[in-house]
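See below for the structure under consideration.
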Amino acid sequence: MVILNLGKKQNKKKLHSGEGVRLGKYELGRILGEGNFGKVKFARNTDSGQPYAIKIIDKNKIIDLNITNQIKREICALKLLRHPNVVKLYEVLASKTKIYMVLEYVTGEELFDKIASKGKLPEGEGRKLFQQLIDGVSYCHSKGVFHRDLKLENVLVDAKGNLKITDFGLSALPQQFRADGLLHTTCGSANYVAPEILANRGYNGASSDVWSCGVILYVVLTGFLPFDDRNLAVLYQKVLKGDFQKPKWLSAGAQNIIKRILDPNPKTRITMAEIKEDLWFKEGYNQAYHEDEEDGVYVDDQAFNIHELSHEEEKSSSQSPIRINAFQLIGMSSCLDLSGFFEKEDVSERKIRFTANLSAKVLMEKIEDSVTEMEFRVQKKNGKMKVMQENKDHKTLGSLSVIIEVFEISSSLYVVELRKCYGDASVYRQLCKKLLNDLGVPHEKH
Ligand code: ADE
């Protein structure tokens, strides 16, 4: 068995919990997965014996996040989707506190588990899955529904090798909010997210879904992620630059389509229609047949019979959207404890990174002022700053040398990196703390 590093799986499955509970005509069984919205459980219709998957959404979380209307719209859009490569929504039920989405049950496994245990797929097999992925995703786009969180964990493969996409249209929850309603940086999804989303520039749902399909194709054909790093700041840099390795052993056709999809510029990135015209993609392609039927789907409006905020309430609500991007989130999550700034793998705590909204020029000036106040000497070369403090009595004892670099993430967002070359750890810590204070970066003061 091959175990590959495909990033941290977003949600671990519990095999047995709460089995035997009844929900109308359904009997609930084991947990199949845990998504952004809550648990997905196996269920059986006790009249027909048919298996289903039921997604359980906590109503309070939706109310708390002030996204009731969004969820309503998205679930209504979901009922329009009827495609062999998209998990079907059969009906929506509600209790006082929960919404239950009754979904098609897919026997098989997540693409994540398939690749993690077996490794990369032969090109022909990978292409077949990719063709189905593009069929399903482009069909949903034609209905005005975008996924925005496509990743291996959201792609199921049934026993016959048929691909089914889950969680389509359920993107109303901001990525950082999960079922517990708390802020989370999404390490798993970050590997799949398009650069324009990271840069918070506003994005087109179709082209960012194309990007994520490209990441999935890359993993399927190579067995590893195109963009990966233990440090989120570095990972985002790679994504923003479209900086990935192109394995020479892939066919020219596969390399070409991957390059055209993983184009960091969404304006020049290949479109769904162009993917379907690509020679490598078209080999052996049989577009899935699907009927646009809507019968059998019943959305119970009771499911949405929940308090909706008035305009005034909405305006004064503390839950109004916060326009922050993933980088600022990392900054915020590090506020709690200075030790979080230091890279875990670096036992000597040599390196720290943090984000700032000041321009590179202003940052460098402020850093220079701050360190000269501590009587450090500054040398600037190639956009980097070397900061030195020498012990006059002893050349090495008590002396410190630090390299400081500023990386531009977007026009208003920068990452500052401090790297200790050598010297006293406690003096380095003092320097880091003073710099964070002087730059107004929140951290624990002690
Ligand atoms: N895990 C998540 N959704 C599922 C589904 N519809 N069928 C089987 N397993 C799942």
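Select the helices (runs of 4 or more DSSP H) contained entirely in the stretch 47-140, then report the ones holding at least 1 residues which are on the phi < 0 side of the Ramachandran plot, modelled with pLDDT of 85 or more and within 16 Å of the ligand (Cβ to nearest atom).
111-118
Kindly indicate whether Met364 is closer than 25 Å to Ala199 by Cα, at pLDDT 85 or above and of a type in the set (A, V, I, L, M, F, W, C).
yes
Restricted to the stretch 141-170, and to residues that are within 13 Å of the ligand (Cβ to nearest atom) and in contact with a Cys (Cβ under 9 Å, 6 or more places away or on another chain), which residue is modelled with the highest pLDDT?
Ile165
Matching residues to (1) surrounded by fewer than 18 Cβ atoms within 10 Å (Cβ to Cβ); (2) of a type outside the set (Asp, Glu):
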{"residue": "Gln245", "(1), (2)": "yes, yes"}
{"residue": "Gly253", "(1), (2)": "yes, yes"}
{"residue": "Ile257", "(1), (2)": "no, yes"}
{"residue": "Lys267", "(1), (2)": "yes, yes"}
{"residue": "Ile270", "(1), (2)": "no, yes"}
{"residue": "Glu274", "(1), (2)": "yes, no"}
{"residue": "Glu277", "(1), (2)": "yes, no"}
{"residue": "Lys282", "(1), (2)": "yes, yes"}
{"residue": "Asn286", "(1), (2)": "yes, yes"}
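Output the number of the condition that Lys248 fails; it satisfies all remaining conditions of (1) under 18 Å from Asp113 (Cβ atoms); (2) outside any helix (DSSP H, G or I); (3) modelled with pLDDT of 85 or more.
Condition (1) is where Lys248 drops out.
Write out, first by first residue and then by second, each pair whose Cβ atoms fall under 7 Å of each other, whose residues are 6+ apart or on separate chains, and whose first residue, in the stretch 41-61, is outside the structural domain of Leu156 (by TED's automatic domain parsing) while the second is aliphatic (A, V, I, L, M) and in a loop (DSSP other than H, G, I, E, B).
From the stretch 41-61, the pairs are Asp58/Ala179; Lys59/Ile306; Lys61/Ala179.
Within the set of pairs 6+ apart or on separate chains, which have a first residue in the stretch 247-271 that is touching a residue at least 12 places away in the same chain (Cβ under 8 Å), a second that is of a type in the set (Ser, Thr, Tyr), and C-beta atoms under 6 Å apart?
Note: pairs meeting the criteria are Pro247/Thr222; Ile258/Tyr218; Pro266/Ser207; Arg269/Ser207.
Tally time: how many residues in the stretch 24-46 are of a type in the set (S, T, N, Q) and part of a loop (DSSP other than H, G, I, E, B)? Step through it out loud before you land on a result.
First, pick out the residues of the stretch 24-46 that are of a type in the set (S, T, N, Q): 36, 45-46.
Going one step further and asking which of them are part of a loop (DSSP other than H, G, I, E, B), we end up with 36, 46.
The number of residues fulfilling the criteria is 2.
The values are calculated or read from the model by the stated rules, or taken from the named source; none is laboratory data. Because the structure is predicted, anything quoted here is derived from the model rather than measured. Backbone-built Cβ (ideal geometry, glycine too); neighbour counts: all protein chains shown.
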